[in-house]
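Only one structure is covered here, and it is reproduced in the block below.
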Amino acid sequence: MKMIKNTLFSQKPVTIGPESGYDNYIMAIESSCDETACAIVKNGREVISNVVASQIKTHAQYGGVIPEIAAREHLEAINVVIDEAFKQADMKPNDITAFAGTVGPGLVGCLLVGLNAAKTLALVHDKPFIGVNHLNAHLCGNYIDTDLKPPYIALLVSGGHTQIIDVKSYSEQKIIGETFDDAVGEAYDKVARLIGLPYPGGPVLDKLAREGNPFAFKLPEAKVDGYNFSFSGLKTAVLRLVKSFNGKELPINDICASFQECVSSTLFKKVKKALLESGYNQVVIAGGVAANSEIRKKIFSLENEGYKVNAPAMKYCTDNAAMVASCAYFNTNTFDDVDVEVFSRA
Ligand code: KG4
Ligand code: ZN
């Protein structure tokens, strides 16, 4: 599938994508939450440079992301990460085929910083601009360093979303299941806070879970139709479990392991159902929670049943700009108008 982009000033048609007939170098910017990131990716799969400035240290003292502070830190970091991405790649703006930026969903003040930087680069250097949906970008993290091609089933698990997606082609995808309440990452972060773990809770909880007994406590799996999910009941069950200790020392590792077992087996069952019903032989995981050890282990066990399984390398699971560049290249439901506005919710 071909895509023609017109640059704003010269109005010169530019073809982006696998059928353009020449090498595409896309520079992308990501700033939807607490990472300021810039990357240059060749032909959607080969990372030339990848720079991420994380704000975790800043937000850790508040126990979560403070949107106004995050936006201000993006402003401070944005030019630095762009310069560094050019430097690492040993490239100049004129070597870039198109500039891309995340449009949403995310924190509006944060998105504005990265999106305006990407638009400005495109305008100043008279190159095409491509706006990218953050969720689609997470999926495209799977194209980096692989030869993965649709169709496949995708499990997207992040701080804000939990979805099962039928990816029919690069540009055609259907959300076939999602959460009715908390996202998986959100459930991880809330449970982590409940048991006194530091922010960001997900990775810490994952680490402690590996030291615990996953069958120490039986936690409830929500019975939800189809490919949908619900995690708020599980969170309440953990709260009740914590209270039952009446202030006595908590068996933290066992609680973490039991929670992780419950979440990962719920996700596994729904993914398997989607694979069986779609008839596809490929599955991918994506989003920040795709870095989770037990979720990866369970989904990768599908390889023993003959399925092809892919997950991005850890650094392309959490927020980064390489996945945004890949998404722009493969035309995964992009917004190609420089007037596109940021949006907060999917
Ligand atoms: O995709 P992401 O970087 O940002 C969003 O778009 O939301 O995902 C961040 C989420 C956070 O909730 C974080 O706690 C969770 O991913 N996360 C993990 C792990 N690493 C990151 N959750 C569980 N286990 C992990 N290893
Ligand atoms: Zn994300």
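Below are the figures for this structure:
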quantity	calculated
Per-bin percent of Cα-Cα distances, the stretch 206-251 [5 Å]	5, 17, 19, 26, 19, 9, 4, 2
Fraction of antiparallel bridges per DSSP, the stretch 152-312 only, in percent to nearest 5	60 percent
Convex hull volume of the stretch 64-170 per residue (C-alpha atoms, cubic angstrom)	127 Å³
Among 125-132, 44-51, the order from most to least packed when residues are scored by Cβ within 10 Å on average	125-132, 44-51
Accessible surface ranking that places the most exposed of 186, 261 first, with a 1.4 angstrom probe	186, 261
Rel. contact order, % - alpha carbon contacts under 8 angstrom, at least six apart, the stretch 152-312	27 percent
Cα-projected label distance for residue 207 with residue 269, points at 7 Å along beta-carbon direction, nm	3.1 nm
Only Lys, Arg (+1) and Asp, Glu (-1) charged, at Cβ; the stretch 176-262 dipole about Cα centre in debye	360 debye
Pairwise FRET efficiency - residue 314 versus residue 94, Cβ, R0 = 30 Å, nearest 0.05	0.35
The stretch 179-203 and the stretch 209-257: distance between their alpha carbon centers, rounded to Å	12 Å
Unmatched cysteines, the chain - criterion: no other Cβ of a Cys under 4.7 angstrom	33, 38, 110, 256, 262, 317
Isotropically averaged projected area of the stretch 1-157, using the convex hull of Cα atoms (one quarter of hull area), nm²	9.8 nm²
Rg and Dmax of the stretch 152-312, Cα atoms only, in Å	15.7, 53
Accessible carbon and sulfur surface of the chain relative to its total accessible area, %, 1.4 Å	52 percent
Values of log10 I(q)/I(0), in the order q = 0.11 Å⁻¹, for the chain under a Debye, Cα-only, solvent-free model	-0.71
Relative contact order %, the stretch 17-127, counting alpha carbon pairs below 8 Å whose residues are six or more apart	34 percent
Rounded to the nearest 20 debye, dipole of the stretch 152-312 from Cβ charges on Lys, Arg, Asp, Glu	220 debye
DSSP-defined beta bridges in the chain - what % are antiparallel, rounded to 5	65 percent
Cα centroid of the stretch 52-97 to Cα centroid of the stretch 120-157, whole Å	18 Å
Antiparallel %, DSSP beta bridges [both residues in the stretch 73-216], to 5	70 percent
MRE, 222 nm, helices only [DSSP H, n ≥ 4, -39500 (n - 2.57), over the chain, to nearest 500]	-11500 deg cm²/dmol
Folded to 0 to 90 degrees: helix 67-89 orientation relative to the chain principal axis, Cα	60 degrees
Selected from 232, 183, 164, residue furthest toward positive end of dipole (the stretch 152-312; charges at beta carbon)	232
Probe 1.4 Å - accessible area at residue 12, Å² to nearest ten	110 Å²
With Cα atoms, 0 to 90° folded angle of helix 232-243 axis to the chain main axis	50 degrees
Spacing of the two label points (7 Å from each Cα toward its C-beta) at residue 232 and residue 126, in nm	5.4 nm
Cβ-placed point charges (K, R +1; D, E -1), dipole of the stretch 40-134 about Cα centre in debye, nearest 20	160 debye
Protection proxy ranking, peptides 279-288, 223-232, 318-327, average beta carbon neighbours within 10 Å, highest first	318-327, 279-288, 223-232
Contour minus Cα-Cα distance for residue 346 and residue 244 (0.36 nm per residue)	32.9 nm
Burial ranking of peptide ranges 245-255, 330-340 (average Cβ count within 10 Å, highest at the top)	330-340, 245-255
For the chain: relative contact order, % (alpha-carbon pairs under 8 angstrom, 6 or more apart)	24 percent
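The values are calculated or read from the model by the stated rules, or taken from the named source; none is laboratory data. Predicted, not measured: the structure shown is a model, and the values here were computed from it. Ideal geometry is used to build each Cβ from the backbone, glycine not excepted, and the neighbour counts take in all protein chains shown. All accessible areas refer to the heavy atoms of the entire protein, side chains included, with ligands and DNA or RNA removed. Shrake-Rupley method; radii C 1.70, N 1.55, O 1.52, S 1.80 Å.
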